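Please read the structure below before turning to the comments.
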Amino acid sequence: MSEVTLEERGRALENQFYDKENKDKLSAMKSKLDSQRSKDELRKVSGMSDEAVLDKLVGLGLRANTIAALSLVPLIQVAWADGTIQDNERTAILQGAHGKGLEQGTDGYELLQSWLKRQPADELFQAWEAYIKALASQLNDEQKRLLKNQIVGFAKMVAAAAGGILGFGKVSASEEKVLQRIEAAFKH
């Protein structure tokens, strides 16, 4: 058996270092490419062109196939406003999801389920607000009014689902605050 020289050991160590460095660089390049691809897909699906908003959405893990779940963020926010989601609120949100084509087994539906189980961080709602502001700036007044009425109306329905007589009619102060924040997102 021949002895390995110090020079050969040094070269092996150097090769190992560069191999790891190259793998790290390739991984970083792949991650950046995946992120760019996700951003491009989101741009196509949502019509959004604001890079900062797209970066936020990608940073939150949203992809083209989960963007429909983003439209349900205000409903999630209202439902969690009092710290817990009631069954009536959950049912209303799941009906809304079904209406948006989010079916069981899809990525968007799984994302929604995770939001129903555990209250998402406020960054998600902030990203939704930024998304709506950027989207609203690209709409004419009538389109903006229709979008606002649809989102606010559905959010009010979810808020009313947990209170009042037979589950309708009463909105808590915390839910009212969230509703005001949703409406404010449409102002520029």
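The values are calculated or read from the model by the stated rules, or taken from the named source; none is laboratory data. As the structure is a computational prediction, the values presented were derived from the model and not from experiment. Here the Cβ positions follow ideal geometry from the backbone for every residue, glycine too, while neighbour counts run over all protein chains shown.
Listing for the model above:
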item	result
Residue under evaluation Q86, criteria (1) surrounded by 14 or more Cβ atoms within 10 Å (Cβ to Cβ); (2) within 30 Å of L139 (Cβ to Cβ); (3) at pLDDT 80 or above, criterion not met	(2)
The lone exception for T91 - which of (1) closer than 24 Å to E129 by Cβ; (2) modelled with pLDDT of 85 or more; (3) of a type in the set (V, I, T) it fails	(1)
Qualifying residue in the stretch 38-54 (condition: surrounded by fewer than 14 Cβ atoms within 10 Å (Cβ to Cβ), at pLDDT 75 or above and either more than 27 Å from V178 (Cα to Cα) or not small (G, A, S) (or both))	yes
Total residues in the stretch 102-146, condition among the hydrophobic types (A, V, I, L, M, F, W, C) and loosely packed, with under 13 Cβ neighbours inside 10 Å	2
Subset of the stretch 92-146 [of a type in the set (D, E, K, R), in contact (Cβ under 8 Å) with a residue 24 or more places away in the chain and in a helix (DSSP H, G or I)]	D107, E123, E129, K133, K144
Count - residues of the stretch 147-180 that are assigned to a helix (DSSP H, G or I), modelled with pLDDT under 85, loosely packed, with under 14 Cβ neighbours inside 10 Å and over 21 Å from the mean Cα position of the chain (by Cα)	0
